[in-house]
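Step one of this worksheet: look at the structure below.
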């Protein structure tokens, strides 16, 4: 699934990334490439934590949601792919 991410930058900061569908999930990178890479890692870790906590993973918002989101002000939107969670296999000897 692809989720909307916001890229923010001002003169005195790194490139910050936040997510429309995951309040509190954020990261930053010194370069655009680093910010993009770290965004995928941050999203994967956030989703994994939500799954472990038994929280519901939201469906991705549509691009139409950008028009009404004040967090979009001054940001550039891009899509980040969330890899499906991998299920751990447990052998019977571990039980």
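The values are calculated or read from the model by the stated rules, or taken from the named source; none is laboratory data. Not measured: the values here are computed from a predicted model. Counting neighbours? That spans all protein chains shown, and the Cβs are built from the backbone with ideal geometry, glycine included.
Some points to look at:
- Any chance residue 82 is at negative phi and modelled with pLDDT of 95 or more: no
- Selection from the range 62-76 of residues that are in contact (Cβ under 8 Å) with a residue 24 or more places away in the chain and closer than 19 Å to residue 16 by Cβ: 66, 69, 71, 72, 74, 75, 76
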